[in-house]
Amino acid sequence: MNEILHPQINRIESYPTVVDTAKAAAEYISAFIDANPAAAMTFATGETMKPVLGFLGETVLDGQVSLAQIVARHLDEYWPCSPLEEHSFVRYLRERAWTLGISPENTYEINGEAKDPDAEAARYEALLRERPSDLAILGIGPWDIETQTGGHIGFNEAGTPFDCGTHLASLHPSTKRRDREKRGQSTPDCAITQGIANISAAQKIMLVAYGENKGTALGHALYDPISTERPASALRKVGERVTIFLDEAAASAMGQIEWQSASMLV
Ligand code: GLP
């Protein structure tokens, strides 16, 4: 493991492979729950989280930790979207996360089928305000070379105000392109997402990223000026609560952005 020092982030760890990174992230979550058995958690979805949830599942099976008492929420869901859709994040969580021994009465899902998405966002916002997350688990959205933008957290795309709570978001064309080209999915134009304010209110925040493209997105968030154009740059404002897990490919791409930003300052 290599530690990467950043002036505003508590800890950044880089590991040789995706597997090592996902294992380290799962161990962090497992240790957190072991210390806080009734923690309120925010789960992320996506490809990044598949191995993390897989390894977390192994620690549950090994009896190292129990998720029976945690309160489980999630970051985002497409809208409109039924849990029967292949791209539904609720479906993803029901298949991969809620099955890890979480009590059904402790799972709080965003209803992508809600007729009134603003009312659904307000319902979720109230729930998160009543009990902010003890641990928020994040991935990061891809970097789009064409538009030189990206790196969403939740579905907070570039330009989203940092003080935004849970809301109905319009997806950036590059996010829709990713869903179409990388995931083979035709997704809706909107999503209900926790806002950056909800994420920032968490006691601990962790972010996991693998590969060059995600490293570039994170590099822009950590080394460009803090700005709503770089949604994950908001994490630097609460950086003492943030831990980042990267594989070597992401770390090296992030290092290149750091170098570019430093050379622009000279
Ligand atoms: C998705 C979701 C996020 C997720 C991120 C990364 O669109 N909005 O919750 O963390 O983008 O996804 P992936 O891990 O599949 O690259």
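The values are calculated or read from the model by the stated rules, or taken from the named source; none is laboratory data. Everything quoted here is computed from the prediction, not taken from an experiment. Virtual Cβ from ideal backbone geometry, glycine too; neighbours counted across all protein chains shown. Remember, those area values only see protein heavy atoms, side chains included, never the ligands or the DNA or RNA. Shrake-Rupley method; radii C 1.70, N 1.55, O 1.52, S 1.80 Å.
Structure summary
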quantity	calculated
Inter-probe distance in nm under a simple model that places probes 7 Å from Cα toward Cβ, at Leu5 and Ala126	4.9 nm
Percentage relative contact order, the chain, counting C-alpha pairs under 8 Å, at least six apart	23 percent
Global geometry of the stretch 198-266, whether rounded, prolate or oblate, following the gyration tensor of its Cα atoms and the 1.5 cut on a/c	oblate
Largest-first ordering by accessible area, 1.4 Å probe, given options Phe162, Phe155	Phe162, Phe155
The stretch 43-106, Cα convex hull volume normalised per residue, Å³	81 Å³
Pair Asp189, Asp224: separation of 7 Å Cα→Cβ label points (nm)	2.5 nm
Lysine pairs in the stretch 115-266 with Cα atoms under 26 Å, if 8 or more residues apart or on separate chains	6
Per-pair calculated FRET efficiency, R0 = 25 Å: Ser82 and Arg177 via Cβ, rounded to 0.05	0.60
Solvent exposure, largest accessible area first (probe 1.4 Å, DNA, RNA and ligands not counted), of Tyr78, Tyr210	Tyr210, Tyr78
Backbone HN-Hα couplings from phi across the stretch 190-196 [Karplus 6.51/-1.76/1.60, Hz, Gly and Pro as x]	10, 8, 9, 9, 4, x, 5
Over the stretch 1-91, relative contact order from alpha-carbon pairs under 8 Å, at least 6 apart, %	25 percent
More than 29 angstrom apart: percent of Cα pairs within the chain	25 percent
Given charges at beta-carbon only (K, R positive; D, E negative), |dipole| of the stretch 21-91 in Debye	100 debye
Tyr108/Thr147 FRET efficiency (R0 30 Å; Cβ-Cβ; nearest 0.05)	0.35
The stretch 132-266 - Rg over Rh from alpha carbon coordinates, Kirkwood radius	0.95
Over the stretch 1-52: Rg over Rh, Cα atoms, Kirkwood Rh	1.00
Size descriptor, Kirkwood hydrodynamic radius, that averages inverse alpha-carbon separations across the stretch 64-164, Å	15.3 Å
